[in-house]
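Coordinate-derived values only; no laboratory data. Computed from a predicted structure; not experimentally measured. Neighbour counts run over all protein chains shown; Cβ positions are idealised from the backbone, glycine included.
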Amino acid sequence: MSKSSKQGLRFRRTSGLISLAALLSARSVPAQSAPVSPDRPWHSVAERQIEEDARRLLDYRPWHSSGDHEIEADPRNFADSRFGIDPAKGYSLGELIDLAETHHPATRVAWERARAQAAALGIATSELYPTLAAAALSQTSRSEVLFGNSFFGQVIQDFQLELSLNYTVFDFGARAGRINAASAQVLAANFAFNDTHRKIIYEVQRAYYRLLSSMGQEEAARASLSNAQAVQEAAEQRLANGLATLPDVLEARSATAQADYDLQAILGAEEIARGDLATAVGTSATAVIHVQPLDQVPTPESVADTVEGAINRALGQRPDLMQQVAAIRSANATVKEARAAYYPALSLNISPALPSLYGLQQPNPWSHTADLTGGLAFNLEWTTFDGGARKSRLAQAQADVRAAEAQADVTLDEIADEVWAAYSNLNTAFRQRRAAVALLEAASQSYSAALESYNYGLRTLLDVTAAQRTLAQARSADVQARTAVLSAFADLAFTTGDSIQANKGRPRP
């Protein structure tokens, strides 16, 4: 057996062992498949691996960047995603909004998507410039050359450095269409980023006012419990003096228990509201966030703008509408690119090369040559027939333009309706606020008068407990009316887009 045959046999045996090892190792990896039956939950090794990854997310952020240098997704490089909340500080709404815009992961998602779209624009713009590639080649060839009736050994060693420059001279607007489309998509991504901030600000405002409402309801419930306890003490005192009956005392105790029950329900709602606010800010729901009490938050009495002015302002600054306008611009640029496909494209290719050849042909000595070679080529490409593909692409692009324009019209109507509803709700909240103030004042006077008359034996306990329940409802309505005004203002700022106009110059997330 020749040496080459032995080497080939050894190579085949080695390849066979490698293939067998790969097959055995592949069989040891659990294959992914659907659940085996519909009557029980699915569990597998892959599920446990995913659960371990999910647990790591509780402590680490999966990826972050510093400038333009990406950090590998290694748990050792993960940064803590939580930020510090001072449990002893009372935060204002503006401070909570700043924290949310800086730390909420949704702003990071929108920001990175905008940066990715900006990079896509850079890719499209690069088509305006030539591409230059360099290659270094080395090759050695040995052969037997027949000359006359004899064979002579020949060795050729080739060293070569080659450059290739390609440039599209003109393409009748195809590149310009792609660049304009990418530029419009960057604008759309930036408007989507702004809209993310608008939504986060709105979420923080709503959660903040829900917490204020819960805190106000707690204060009102505690006052109602105190009133119920005062009525109970008066009934028990009158019973001890023989001026009241046991059913009156039992009725008063029942009213006290009901007031305490209502207070506990409100305390539970307040705990949920605190978790909602922490989540809206972008931290853990268990974080303790103290806010200003409702009495320290000024409640507006009127709105200075008209509904027409609010609608016009919304149509001029809502980022979701601007995003759709940018989509129309992108679709028009795609039409331009589709039309350019009907025309030829001229490209230039320059490929200089510097070969260095060494040759040996026995019995002659080594020889060498080197010279500049290469080529210059113009390529004119024109598709004359494609089975209607260009026509269909152009029709598709034109349809996308009309669809984008129609969607923008739909959004215009929706925005106008949203602003109209928010403006109407705000005026309703103003009227309810004035009615709630009058109701609270009347209920307070009625309760005081009923309790005083009961102590003098001029009113029954049922009259007092009825007045106490009316006062409790009036306190609750007053809190609801105050927070409803604040929430309605937040709704109007959200629908008009005013909430992000005051945030110019904020640091990016």
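Filter the range 192-211 down to the residues that are in contact with a Lys or Arg (Cβ under 8 Å, 6 or more places away or on another chain) and crowded, with 21+ Cβ neighbours inside 10 Å and list them by number. Result: Phe193, Leu211.
Considered as a group, the residues in the range 315-327 that are touching a residue at least 12 places away in the same chain (Cβ under 8 Å) and surrounded by fewer than 19 Cβ atoms within 10 Å (Cβ to Cβ) include one that is nearest to the chain's Cα centre (by Cα), and that residue is Asp320. Just to be sure, is Ala442 surrounded by fewer than 16 Cβ atoms within 10 Å (Cβ to Cβ) and over 30 Å from Ala228 (Cα atoms)? Judged against the criteria, Ala442 is not a match. Residues of the range 219-236 include none that is out of contact with any Gly (no Cβ under 7 Å at 6 or more places or on another chain) and outside any helix (DSSP H, G or I). Of all residues in the range 265-292, those that are in contact (Cβ under 8 Å) with a residue 40 or more places away in the chain have Cβ atoms under 7 Å from Cβ atoms of residues that are basic (Lys, Arg) and not in a helix (DSSP H, G or I), 6 or more apart or on another chain, in Thr283/Arg82; Ser284/Arg82; His290/Lys89.
Results for (1) surrounded by fewer than 16 Cβ atoms within 10 Å (Cβ to Cβ); (2) closer than 29 Å to Ala244 by Cβ, shown as yes or no for each residue.
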position	(1), (2)
Asp417	yes, no
Ala429	no, no
Ser453	yes, yes
Thr460	yes, yes
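Scanning the range 104-161 for residues that are surrounded by 11 or more Cβ atoms within 10 Å (Cβ to Cβ), among the aromatic types (Phe, Trp, Tyr) and more than 57 Å from the chain's Cα centre (by Cα) yields Phe151, Phe152. Of the residues screened, Gln473 is not one that is free of Cβ contacts under 8 Å to residues at least 60 places away in the same chain, touching a helix residue (DSSP H, G or I) at 6+ places or on another chain (Cβ under 9 Å) and under 27 Å from Leu93 (Cα atoms).
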